[in-house]
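Student: Before anything else, here's the structure in question.
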Ligand SMILES: [Zn+2]
């Protein structure tokens, strides 16, 4: 399997601003590669960040997306934000290995690359069916199954890909969706294979249907907040004793109004992480209002959380 040297790639692709930020991170003890926790190392599991940004065009980051590697195979894709399919290829991942796609919600910056992955898969050897898990509909957002149909159904924008969504077609494999119910506090848990279990819980993201995800591979647990405020107060229980807790830092502590109806503030991040007893926190989903102020964010997070906090960069592995 081709392994890209992510250090080289990182420097070659990023602007001077981002490079300066990297140097700052290096001098403050962070790096783009961090050894996995013991339980994840024992299971040969690593988390790779494909996209650590949000929806902005000038944030110098790919939009939200993560890959979980197990025994050198890319097994679970969490979110499929714009640009992530490029980094998926650059990571050396093979789409035939992916066992499931887990979407936290259907905002563009978390889901818009999905058709790019499916079209790209035509040029792979994939023959296993693929399930895309995501939220059920609410007043604002469609079911994940309708999202697939609107895009790739026979009357969808990309109807030319509809063989993939039509079970009776001769496509090499078929995609199906599983809509996660938005029943408050209720978890959806599913064993994908002997090793891998996925769990979702509905979270509050303003008016948007959203879930947080946890992936357990043996004794290694990795939890993804997705975008959320902490109004439902459920993430800490889902993330209990996680090896890695990926938390989205879309707003600064000073945020008010609509922004905090959608997103958690840094103090919340610290409180949740402490309550969850997470072994490490990876901050991600940076926006222009947070990406150049990570030191301030860290101070707020560390007021409540005493574990290790790291800053996600595109392609970084943990
Ligand atoms: Zn969102």
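Readers should treat all values here as calculations from the given coordinates under stated rules, not as data from a laboratory. On a predicted model such as this, the values are computed, not experimentally measured, just so you know. FYI the Cβ positions are ideal-geometry reconstructions off the backbone, even for glycines, and counts take in every protein chain you see.
Student: Please give the peptides 216-225, 294-303 ranked by average Cβ packing (other Cβ atoms within 10 Å per residue), highest first, as a rough proxy for protection.
Tutor: Order by mean packing, descending: 216-225, 294-303.
Student: So what is the relative contact order for the chain, in percent, with contacts set as C-alpha pairs under 8 Å and at least six apart?
Tutor: It rounds to 17 percent for the chain.
Student: Same structure, new question: Considering only DSSP beta bridges with both partners in the stretch 59-103, what is the antiparallel share in %, to the nearest 5?
Tutor: In the stretch 59-103, DSSP labels about 60 percent of beta bridges as antiparallel.
Student: Shifting gears a bit: At a 10 Å Cβ-Cβ cut-off, how would you order 128, 56, fewest neighbours first?
Tutor: Least to most surrounded, the residues fall as 128, 56.
Student: By its C-alpha gyration tensor, with a ≥ b ≥ c as the square roots of the eigenvalues, how is the stretch 194-293 shaped: rounded for a/c under 1.5, else prolate for a/b larger than b/c, else oblate?
Tutor: Cα axes put the stretch 194-293 in the prolate bin.
Student: While we're looking at this one, here's another question. Just want the ordering: 213, 69, from fewest to most Cβ atoms lying within 10 Å of their own Cβ.
Tutor: Fewest-to-most Cβ neighbours within 10 Å comes out as 69, 213.
Student: Sticking with this one: At what distance in angstrom do the alpha carbon centres of the stretch 163-179 and the stretch 72-117 lie from each other?
Tutor: 18 Å
Student: Relative to the first principal axis of the alpha-carbon coordinates of the chain, what is the inclination of helix 294-304, with its axis defined by its Cα atoms, in degrees from 0 to 90 and to the nearest 10?
Tutor: Helix 294-304 sits at roughly 80 degrees to that axis.
Student: Take the chain, connect every pair of alpha-carbon atoms lying under 10 Å apart with a spring to form a Gaussian network, then pick out the residue of 278, 258, 212 with the largest mean-square fluctuation.
Tutor: Maximum fluctuation in the GNM of the chain, among the listed residues, is at 258.
Student: Now, a different point. Using a/c under 1.5 as the rounded threshold, could you call the stretch 43-181 rounded, prolate or oblate? The axes a ≥ b ≥ c are square roots of the C-alpha gyration tensor eigenvalues, and prolate needs a/b larger than b/c, oblate otherwise.
Tutor: oblate
Student: Counting DSSP beta bridges in the chain, what percent are antiparallel, to the nearest 5?
Tutor: Roughly 55 percent of the DSSP beta bridges within the chain come out antiparallel.
Student: If I take every Cα pair under 8 Å that is 6 or more residues apart in the stretch 111-265, average their sequence separation and divide by the length, what percent do I get for the relative contact order?
Tutor: Once divided by the residue count of the stretch 111-265, the mean separation gives 16 percent.
Student: Springs between alpha-carbon atoms under 10 Å, Gaussian network over the chain: tell me which of 240, 119, 279 tops the mean-square fluctuations.
Tutor: Comparing 240, 119, 279 in the GNM, the peak value goes to 119.
Student: Taking Cα atoms, how many degrees apart are the long axis of helix 266-276 and the longest axis of the chain, rounded to 10 and kept between 0 and 90?
Tutor: So the inclination is approximately 80 degrees.
Student: Oh, and also: Please give the helix 16-27 orientation as an angle from the longest Cα principal axis of the chain, in degrees from 0 to 90, rounded to the nearest 10.
Tutor: With both axes taken from Cα atoms, the answer is about 60 degrees.
Student: Now a separate question. How would you classify the stretch 193-251 from its alpha-carbon gyration tensor, with a ≥ b ≥ c the square roots of the eigenvalues: rounded for a/c under 1.5, else prolate if a/b is greater than b/c, otherwise oblate?
Tutor: Because a/c hits 1.5 or more and a/b exceeds b/c, the stretch 193-251 counts as prolate.
Student: Relative contact order for the stretch 28-94 using alpha-carbon pairs under 8 Å, separation at least 6, rounded to a whole percent?
Tutor: Normalised by residue count, the contact order of the stretch 28-94 is 25 percent.
Student: What whole number of Å gives the distance from the Cα centroid of the stretch 228-273 to the Cα centroid of the stretch 195-212?
Tutor: A separation of 13 Å, based on Cα centres.
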